[in-house]
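The values are calculated or read from the model by the stated rules, or taken from the named source; none is laboratory data. The structure presented is a predicted model; accordingly, all values stated were derived computationally and were not measured. Note that we place each Cβ from the backbone using ideal geometry, even for glycine, and neighbour counts take in every protein chain shown. With ligands, DNA and RNA removed, areas are computed over all heavy atoms of the protein, side chains included. Shrake-Rupley method; radii C 1.70, N 1.55, O 1.52, S 1.80 Å.
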Amino acid sequence: MTDAAGRRKLPKTYDPQVVEGPTYQRWLEMDAFRASTDGTRPRFSIALPPPNVTGSLHIGHALDHTIQDYLARMHRMRGDEVLWLPGMDHAGIATQNVVERELAKEGKTRFDLGREAFVERVWAWKAESGGRILGQMQRLGDSVDWSRERFTMDEGLSRAVREVFVTLYEQGLLYRGQRIINWCPRCLTALSDIEVEHEEIPGELAYLRYPLADGSASLVVATSRAETMLGDTGVAVHPDDPRYRGLVGRTVRLPLLGREIPVVADAAVDREFGTGAVKVTPAHDPNDYEIAQRHGLEAVDVFTEEAVVNANGGRFEGLDRYAARQAVKDALAAEGLLEKVTEAPHAVGHCYRCKTEVEPRLSLQWFVATKPLAAKAMDAVNSGETRFEPPRYVRTFFAWMESIRDWCVSRQLWWGHRIPAWYCPDGHVTVAREDPSACAECGSAGLRQDEDVLDTWFSSGLWPFSTLGWPDETEDLRAFYPTSVLVTGYDIIFFWVARMMMFGCHFQPPAPFRVVAIHGMVRDAQGKKMSKSFGNVIDPLELMDRYGTDALRFALIRGANPGSDVPLAPEWVEGARNFANKLWNLGRFVLSSIPEGTKPQDLPVSEPIDDGPAQALLGGRGGSELPPHRSGTPRSVLADRWLLSRLERTRAEVTAAYDAYDPAEAARLLHAFAWSELADWAVELAKPRLAAGGEDARRAGAVLAYALAVTLRLLHPVMPFVTEELGRALEDVDTITLGPWPAERPDDLDEAAEADMADLQEVIAAVRRFRAEHGVPPSRQPRLTIAAGGDHQSDLLRAERDSIRWLARLESVEVGPPPGDAGPTAKVLAAGAELHLPLAGLLDLDEELARLERERDGLDAEARRAEAKLANADFVAKAPPAVVDKTRARLAEVEAARAKVVERIQEVTATTGG
Ligand SMILES: [Zn+2]
Ligand SMILES: [Zn+2]
């Protein structure tokens, strides 16, 4: 819609549903988010943490993406060449689970299909139902470069994965070995240490008696998992433990199974635990495995992949581990070998995917030797190559990196990057960039590729450079690596940030990002974690439907203090919607206030309006021509000078907060400025001037329009849709999303104008407060006389009489000594001035007197009660000192309040002549 002047007309109310979709499409059509490698603009790049292909937008994404989007949009507006690169993660376990569940509905397993057909089926699933989140990212307004979208399983990224695997192998930083790994008996795969969630469970400690093989004595071991005794191959005691000195070197007979196992001395044994003698189960416990290595003990695996007892468990074969635990205890008890069972809560690892209890299991897997890689990553942080925001998260990073263990990267899945290792019939290993046809060692054919795939984090660890075309030396890599900033939650510092740092520093130095900006988790209004079981999960899509995308984004950003958790309640999103509506109404008002053909971006900077006071304003860019401070400020100019000064201050503070990764502060400042100063004060101050018409009206409208245009641009990174729609109409441009960012205008800073306006606001607020306290209806408009505090204030308030009259709803405003014969008058102090308001006709004095007397009597009664208490020696002696002090303080307050009421009664009495 356009008006007669051809300018866009805004509908009466803002409807996000009508504006958002088409606006995003328009941005895509104008290629607003596409990055170029040409030119010399400063580069700003972010690699979007790739959401899972199975995922759908949750509130955590909404926060993470909004922070990245504000950064991308702000830098784009500033003229940087911005690349925000999107993409998805293939999410090995999660995706395989989804497709396996689908198959289960058809009564099939992946083994019925076979590997090739299963993987095809996953790709088909991805094409059809995967990546729902990409459309949801568009709804959220993500200004990503869709032309560069990547997927961790696409051809280029798969080549990067292979290059890294082979190179690490060649460098001796990747190896295959027998280790105790974390095994999920449900997902049937190894898990890395960080994929295991440790949780305290009730648990028990069972004390088992093991007789010596010669029957001469016995010893007792304590264990939380009695069933693992089936895999015991030794008993260990501390070498300095006098209780067991005589037993070291002898053998015990393992109950139920009967095999003889040695008693060994090992310094790793904790003498305080249980009885000080521990059973050694090398195949099912990482510490036991190490003890076994030192003493040459055999490892006996007693479980199947599903954690069911296998043939090594004798008569317990076929029982799952929990049933076996009870059965083993029962059998021991029957033989009189179960000493006791005590309750003992302990931490147990659970699969982060399916929450099944993890089974430590001896297994042949591929590992990355992480220590040398971690050292490089730590160097990059120590040298300042990469910086954490807020810096306190450096400690978290270092804590993880210093205690890092070799990383198990093989997964017993079919969906993922298959490990590029081949085995010949003689057991030689060939690791190669191209699929080999013969063994690299003996040349024999008949190679068999490793069945396993790589941990998903192996490929996402390469994300900042693999997405730019690495290992090729591409234009993109040259232009946009290292990336400017990584934005992520503190929960994946180790999962993901650490891996990207290790791979980036090793394969494509320098470190992959200059800044790691950490944010918190979105929680409910009480700070509670959102979870299905609490029923407090907030769905971002629902909130966008109800209140609009800008409202959701603003509410999230406003709570996003750097590094801290972000509370969110739907009511706060509603409040942000009200803010969007306020801006809309403001935009409509301002548009109606500027003359045809006026573009606020040209005003008041380059288009002098007249040569009166405005000329001083506009010509005063150099500073010297500004009107002398605090003397005879022209009425119409003060509001403009003040608004422009506050605008410049807000611009500077907002820009600094955005730059400091503190968008919450930027949002707070913009909300306060737009709502209170611009919409409430500036618009109200402008209304009488606009109504009066002429050059001053034109200038008032232009300054308002200019201030709003700048505000919209400052707010655009956080609320892109409503600001784009308003900005286009107001400035008559195609878009504001390509900038420019509002320029610095230090000459607009005007402390004198801000001080004068503060006085003026205080005077107006004092009258408004008086009216509210006394219930004076808007229709009653008293005459105000102001005895100003000094000559300057006198000039100021005289010049601003019309503003005061209008904003405080007064019949007239005089500046001067109080009238001697005005009859009953209220006196109010404000900003060092005395405000005199004649009460006749304003209040019903008899009613007011009665009200004041009731108030006084109430205070009297309260004072008497407090005095009686304090006069009571018992109370003073026995009550806690804090209570006595509180009573004294309250009495003082009541007396002060009473004195004020009495003063008011005297005033009113004097005026009524009573
Ligand atoms: Zn699992
Ligand atoms: Zn061979």
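General observations
- Identity of the residue in the range 315-343, part of a strand (DSSP E or B) and more than 16 Å from ligand 1 (Cβ to nearest atom), that ends up most open to solvent (accessible area, probe 1.4 Å): Glu343
- The residues of the range 708-753 that are in contact with a strand residue (DSSP E or B) (Cβ under 7 Å, 6 or more places away or on another chain) and open to solvent by less than 10 Å² (accessible area, probe 1.4 Å) amount to a single one, Ala729.
- Odd one out for Val487, checked against (1) surrounded by fewer than 24 Cβ atoms within 10 Å (Cβ to Cβ); (2) outside any loop (DSSP other than H, G, I, E, B); (3) β-branched (Val, Ile, Thr): (1)
- Among the residues of the range 344-403, none is identified as in a loop (DSSP other than H, G, I, E, B), basic (Lys, Arg) and within 27 Å of Tyr169 (Cα to Cα).
- Top-ranked residue in the range 112-147 [being acidic (Asp, Glu) and within 20 Å of Glu29 (Cβ to Cβ); ranked as surrounded by the most Cβ atoms within 10 Å (Cβ to Cβ)]: Asp142
- Of everything listed in (1) exposed (fewer than 15 other Cβ atoms within 10 Å of the Cβ); (2) touching a helix residue (DSSP H, G or I) at 6+ places or on another chain (Cβ under 7 Å), the single unmet condition for Arg395 is (2).
- Among the residues making up the range 191-203, a single one is open to solvent by 30 Å² or more (accessible area, probe 1.4 Å), outside any strand (DSSP E or B) and within 16 Å of ligand 1 (Cβ to nearest atom): Asp193.
- Residue check, Glu155 under 31 Å from the mean Cα position of the chain (by Cα), of a type in the set (Asp, Glu) and open to solvent by 20 Å² or more (accessible area, probe 1.4 Å): no
- Candidate set: the range 282-300, residues that are out of contact with any Pro (no Cβ under 9 Å at 6 or more places or on another chain) and closer than 17 Å to Glu359 by Cβ; chosen: the one least open to solvent (accessible area, probe 1.4 Å): Pro282
- Taking the listed residues Arg809, Arg783, Arg771, the one that is open to solvent by 30 Å² or more (accessible area, probe 1.4 Å) and under 25 Å from Trp642 (Cβ atoms) is Arg809, with no other qualifying.
- For the range 259-274, taking the residues that are in contact (Cβ under 8 Å) with a residue 40 or more places away in the chain and under 48 Å from the mean Cα position of the chain (by Cα), the one that is most open to solvent (accessible area, probe 1.4 Å) is identified as Phe273.
- Summed over the range 146-190, the residues that are among the polar types (S, T, N, Q), more than 16 Å from ligand 1 (Cβ to nearest atom) and touching a Gly at 6+ places or on another chain (Cβ under 9 Å) give a count of 1.
- Any pair with Cβ under 6 angstrom, 6 or more apart, that starts in the range 651-677 at a residue that is more than 18 Å from Arg553 (Cβ to Cβ) and modelled with pLDDT of 95 or more and ends at one that is assigned to a helix (DSSP H, G or I) and of a type outside the set (Ser, Thr, Tyr): Glu653/Leu669; Glu677/Arg646
- Every pair of residues 6+ apart whose Cβ atoms lie under 6 Å, when the first sits in the range 404-433 and is at positive phi while the second is within 16 Å of ligand 1 (Cβ to nearest atom) and in a loop (DSSP other than H, G, I, E, B): none
- Taken together, the criteria exclude Arg34 from residues that are open to solvent by 10 Å² or more (accessible area, probe 1.4 Å), basic (Lys, Arg) and farther than 21 Å from Gly131 by Cβ.
- In the set (1) closer than 27 Å to Ile492 by Cα; (2) surrounded by fewer than 18 Cβ atoms within 10 Å (Cβ to Cβ); (3) within 16 Å of ligand 1 (Cβ to nearest atom), the condition left unmet by Arg411 is number (2).
- Screening Glu473 against (1) more than 11 Å from ligand 2 (Cβ to nearest atom); (2) of a type outside the set (Lys, Arg); (3) outside any loop (DSSP other than H, G, I, E, B); (4) out of contact with any helix residue (DSSP H, G or I) (no Cβ under 7 Å at 6 or more places or on another chain) leaves a single unmet condition, (3).
- There is no residue in the range 496-504 that is over 25 Å from Tyr175 (Cα atoms), away from ligand 2 (no atom under 16 Å from the Cβ) and out of contact with any Phe, Trp or Tyr (no Cβ under 8 Å at 6 or more places or on another chain).
- Scanning the range 44-60 for residues that are within 21 Å of His716 (Cβ to Cβ) and either surrounded by fewer than 22 Cβ atoms within 10 Å (Cβ to Cβ) or not β-branched (Val, Ile, Thr) (or both) returns Phe44, Ser45, Leu48.
- Unique match (being hydroxyl-bearing (Ser, Thr, Tyr), more than 20 Å from Arg418 (Cβ to Cβ) and assigned to a helix (DSSP H, G or I)) among Ser143, Ser147, Ser158: Ser147
- Selection count, the range 368-401, where residues are on the phi < 0 side of the Ramachandran plot and either free of Cβ contacts under 8 Å to residues at least 12 places away in the same chain or of a type in the set (S, T, N, Q) (or both): 9
- Test: residue in the range 204-216 that is open to solvent by 40 Å² or more (accessible area, probe 1.4 Å), part of a loop (DSSP other than H, G, I, E, B) and of a type in the set (A, V, I, L, M, F, W, C): no
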